[in-house]
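Here's the structure, in structure tokens; my notes come after.
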Amino acid sequence: MSWGTELWDQFDNLEKHTQWGIDVLEKYIKFVKERTEIELSYAKQLRNLSKKYQPKKNSKEEEEYRYTSARAFLATLNEMNDYAGQHEVISENMTSLITGELTRYVQELKQERKSHFHDGRKAQQHIETCWKQLEASKRRFERDCKEADRAQQYFEKMDADINVTKADVEKARQQAQLRHQMAEDSKAEYSSTLQKFNSEQHDHYYTHIPNIFQKIQEMEERRIVRIGESMKTFAEVDRQVIPIIGKCLDEITKAAESIDHKNDSQLVIEAFKSGFEPPGDVDFEDFTQPMKRTISESSLSNSRGDGKSEPKFGSKSKGKLWPFIKKNKSPKQQKEPLSHRFNEFMTSKPKIHCFRSLKRGLSLKLGAGPEDFSNLPPEQRRKKLQQKVDELNKDIQKEMDQRDALTKMKDVYIKNPQMGDAASVDQRLAELGQNIEKLRLEVQKFEGWLAEVEGRLPPRNEQARRQSGLYEAQNTSAVNSCAQDRESPDGSYTEEQSQETEMKVPATDFDDEFDDEEPLPTIGTCKALYTFEGQNEGTISVAEGEMLYVIEEDKGDGWTRIRRNEDEEGYVPTSYVEVYLDKNAKGAMTYI
């Protein structure tokens, strides 16, 4: 079955068919190219989706991924990222193995097709030329025969006419003979041309055209085979990534199976457990007997005369109110205006101490918790302290690694002075040593707090707390104690405390400290650089250029306590005054 023999007369149809085959191939290339674009777009969308739901660094979301369900979701996101990578592989392989190869093949196919049909047209033109030559020879032979026949008839007519001269007859006879000779020559030429045409025609239809059509057939068959192979490659590219995609799906399944609901429930307990005991029963208040004001555990004016020991921090108190319990107002509190109670409180002896606590605990109230996390429940405090100890140990290890590296560098410099000056690293080594020592002291401090929380050491006394920095947290509690008797916006009385005041402060020591407080001695003078309107309780208004007495210097919180006369004293911002301390005064410090 050959196109050369079966389709010898279908040159134009073969030309159209082969062009259609190339169009089909180009259409398939376009299809694969669009498929690769879809794969890339799909992979990009999958990656963006995975990235969108990835936890942000240094955010609260990272803490959530300690739960097994959240970790399984994170594993799913990672596997989806790998899944997207396999679709990128599909796109790359289809582009290189199908689109690129077929594009080059189409260009070669077009050139080959053009060459074959050029040869076919050339053969067609040659046989048409031979046919024209045959037709011309045939017409010439026919014309010469007709001319010879007319010349013969004219000669016979002249020969039969008695009136024609002998010369005219001879002329007609010669003309007839000439025409007969020309007819014979045309006959011989026509015969030769006919034989030549028949030979050319035979070669054309049985040799040249079959060979050309055979080549075109082979070209078309190669195109068909090539597109079939490309379709197989199309499927194989997908099949190659199926095992990896299957592994991704298996990992997602494995992550889902790793979810442990019991473990997640335990993590919730560890995350939010406070360590407090539930509140006890509420005592019956007998109003038939004289009322005795129940003093809050956090009040600064609390003085217990029953000889009981000072309660430990975080211990359960009989009269303690929990954050979610509101205390009803007493009849006296309902009738007594808030302003009257506040003025009465501010005229009491603990007023100055309350403002001290307010002043010193200002930084804590602005959002910075105490250093020892004493504002947290015991269990959460223990976790925070342990985390802080681990961070400090990591910092110590980093500093030690740097010190070891610099020590080795110094040894190299000593052995090879041309490489550098050994003394150049001494300063850095000294700094690292100081940093390590500071960090170790910090670790000891936090480990002490941690041991106290875990019960390995007894609670420290008041003096130890002051030295360790815990006193700031107690001052914060004192601030809340000062503001405890207040009315909420709806007029109800509450003793609710914020989360910043979980640590209670025994009030007995403070009351004893300030009940018999004498006026503070003058330690210097100061000049007001700017006018300050002391609108808050505990502050004092000053005018620019006014001279006043200093009775307590700035403790590092930005406030200086001054006195105008025996009855007027208070705090002003340190930056608003120029202080002249008396060097002979007790406790005075020299400003540099």
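The values are calculated or read from the model by the stated rules, or taken from the named source; none is laboratory data. Quick caveat: nothing in here was measured; it's all calculated off a predicted structure. Every residue, glycine as well, gets a Cβ built from its backbone with ideal geometry; the counts of neighbours run over all protein chains shown. With ligands, DNA and RNA removed, areas are computed over all heavy atoms of the protein, side chains included. Shrake-Rupley method; radii C 1.70, N 1.55, O 1.52, S 1.80 Å.
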Inset, instruction - Place the peptides 171-180, 529-538, 49-58 in order of packing, highest mean first, counting for every residue the other Cβ atoms within 10 Å and averaging per peptide. - result: 171-180, 529-538, 49-58
Inset, instruction - Over the alpha-carbon set of the stretch 103-243, divide Rg by the Kirkwood Rh and report the Rg/Rh ratio to two decimals. - result: 1.52
Legend entry - Descending semi-axes in whole angstrom, ellipsoid equivalent of the stretch 39-187, from the Cα gyration tensor: 105, 11, 8
Legend entry - Convex hull volume of the stretch 86-160 per residue (C-alpha atoms, cubic angstrom): 52 Å³
Inset, instruction - Go through the stretch 380-392 residue by residue and turn each phi into a ³J(HN,Hα) via Karplus (6.51, -1.76, 1.60, θ = phi - 60°); whole Hz please, and just put x for glycine and proline. - result: 5, 5, 4, 5, 5, 5, 5, 5, 5, 4, 5, 5, 5
Legend entry - Rg over Rh [alpha-carbon atoms, Kirkwood Rh] for the stretch 1-106: 1.40
Inset, instruction - Read phi for every residue in the stretch 402-419 and hand back ³J(HN,Hα) as whole Hz from Karplus 6.51 cos²θ - 1.76 cosθ + 1.60, θ = phi - 60°, with x for Gly and Pro. - result: 5, 5, 5, 5, 5, 5, 4, 4, 5, 4, 5, 5, 5, 6, 10, x, 5, 7
Legend entry - Built amide H within the under 5 Å cut-off of Gly524, gap 5+: Val550, Asp582
Inset, instruction - Could you state how much accessible area Leu376 has, in square angstrom rounded to the nearest 10, with a 1.4 Å probe and all protein chains kept in place? - result: 50 Å²
Inset, instruction - Please give the FRET efficiency for Leu97 paired with Glu251, using the beta carbon to beta carbon distance and R0 = 30 Å, rounded to the nearest 0.05. - result: 0.60
Legend entry - Solvent-accessible area of Cys130 with every protein chain in place, 1.4 Å probe, in Å² to the nearest 10: 10 Å²
